[in-house]
1. Looking at ILE98 and the list (1) closer than 22 Å to THR136 by Cβ; (2) free of Cβ contacts under 8 Å to residues at least 24 places away in the same chain, which single condition is not satisfied?
2. Taking SER13 and the conditions (1) away from ligand 1 (no atom under 16 Å from the Cβ); (2) of a type outside the set (Lys, Arg); (3) free of Cβ contacts under 8 Å to residues at least 60 places away in the same chain, which numbered condition does it fall short on, given that it satisfies the others?
3. Among the residues of the range 17-39, which ones are without any contact (Cβ under 8 Å) to a residue 60 or more places away in the chain and either open to solvent by less than 80 Å² (accessible area, probe 1.4 Å) or of a type in the set (Ser, Thr, Tyr) (or both)?
4. Considering only the range 142-163, state which residues are open to solvent by less than 70 Å² (accessible area, probe 1.4 Å) and within 11 Å of ligand 1 (Cβ to nearest atom).
5. Output the number of residues of the range 128-141 satisfying the condition of being surrounded by 19 or more Cβ atoms within 10 Å (Cβ to Cβ) and in contact with a Ser or Thr (Cβ under 6 Å, 6 or more places away or on another chain).
6. In the range 52-70, which residues are of a type outside the set (Gly, Ala, Ser), open to solvent by less than 50 Å² (accessible area, probe 1.4 Å) and either within 16 Å of ligand 1 (Cβ to nearest atom) or in a loop (DSSP other than H, G, I, E, B) (or both)?
7. Residues that are away from ligand 2 (no atom under 16 Å from the Cβ) and modelled with pLDDT of 95 or more: list the strands (runs of 3 or more DSSP E) wholly contained in the range 71-177 that include at least 3 such residues.
8. Scanning for something more than 16 Å from ligand 1 (Cβ to nearest atom), open to solvent by 50 Å² or more (accessible area, probe 1.4 Å) and hydroxyl-bearing (Ser, Thr, Tyr), does the range 73-91 turn up at least one residue?
Amino acid sequence: MTIELPELKVLFSEEAIQNRIKELADEMNEFYNGEEVCAICVLKGAVMFATDLVKHLNMPLKMEFIRLSSYGTGMVTSGKVNAVDISLPDLNGKNVLIIEDIVDTGITAKFLTDFISGNFKTKSTKFCSLLDKKITRQADIEPDYYGFEVDNKFLVGYGLDYEGYQRNLRYVGYVEK
Ligand code: IMP
Ligand code: MG
């Protein structure tokens with residue numbers, strides 16, 4: 001049996017994404033000024049973005065991976081954050097950089113920043129998301145860094161999935177109704 005995947009229109013090409021990542025990395029390299037960073041990749045969605053971004057960061061850096069999920073199935077958010085695996089090392093006194101794929105309602109971002117501030121006294125905590133759907137925000141949170149602002153469309157590719165598929169695309173596309 002073959003799965004029927006939606007047809008996508010390209011929103012951000014591979015080239016546009018990679019260029020924007022270099023710009024973000026330049027800003028971060030300037031901000032951190034050689035200080036050590038702990039980058040936390042929020043699986044599964046941020047895997048592509050996080051791995052591409054850190055390649056352009058030039059300070060001593062460690063990577064951590066946590067796994068959260070909020071989307072149940074299909075294209076509607078469940079509104080609840082499911083912390084599948086949130087084991088982290090001691091982040092006291094560290095520069096923490098959280099790397100996400102997309103901030104939509106902001107519930108996940110809020111959960112995560114509250115979790116970090118509730119458990120650690122970090123030197124700094126910054127939130128970076130490739131995509132920012134500002135228009136659908138419910139929680140009071142804005143990413144410190146974001147790649148692109150996007151409309152309220154369901155986006156797929158470059159880590160973002162449709163029913164678990166299409167994370168492997170090199171571009172971000174949207175589903176045409
Ligand atoms: P939030 O908690 O509503 O901000 O949603 C955050 C999570 O929902 C993201 O980390 C994504 O994994 C997922 N998500 C939100 N919008 C989209 C989308 O357009 N496509 C795929 N996943 C999405
Ligand atoms: Mg995500």
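The values are calculated or read from the model by the stated rules, or taken from the named source; none is laboratory data. Predicted, not measured: the structure shown is a model, and the values here were computed from it. Note: ideal-geometry Cβ built from the backbone for every residue, glycine included; neighbour counts use all protein chains shown. Side chains included, ligands, DNA and RNA excluded: accessible areas come from the protein's heavy atoms. Shrake-Rupley method; radii C 1.70, N 1.55, O 1.52, S 1.80 Å.
1. (2)
2. Going through the list (1) away from ligand 1 (no atom under 16 Å from the Cβ); (2) of a type outside the set (Lys, Arg); (3) free of Cβ contacts under 8 Å to residues at least 60 places away in the same chain, SER13 breaks only (3).
3. Once the filter is applied, which keeps residues that are without any contact (Cβ under 8 Å) to a residue 60 or more places away in the chain and either open to solvent by less than 80 Å² (accessible area, probe 1.4 Å) or of a type in the set (Ser, Thr, Tyr) (or both), the range 17-39 yields GLN18, ASN19, ALA25, ASN29, GLY34, CYS38.
4. Answer for the range 142-163, where residues must be open to solvent by less than 70 Å² (accessible area, probe 1.4 Å) and within 11 Å of ligand 1 (Cβ to nearest atom): PRO143, VAL150, PHE154, LEU155, VAL156, GLY157, TYR158, GLY159, LEU160, ASP161, TYR162.
5. Result for the range 128-141: 0.
6. Of everything in the range 52-70, those that are of a type outside the set (Gly, Ala, Ser), open to solvent by less than 50 Å² (accessible area, probe 1.4 Å) and either within 16 Å of ligand 1 (Cβ to nearest atom) or in a loop (DSSP other than H, G, I, E, B) (or both) turn out to be LEU53, LEU57, MET59, ILE66, LEU68.
7. Answer list for the range 71-177: 124-132.
8. Looking through the range 73-91, at least one residue is more than 16 Å from ligand 1 (Cβ to nearest atom), open to solvent by 50 Å² or more (accessible area, probe 1.4 Å) and hydroxyl-bearing (Ser, Thr, Tyr).
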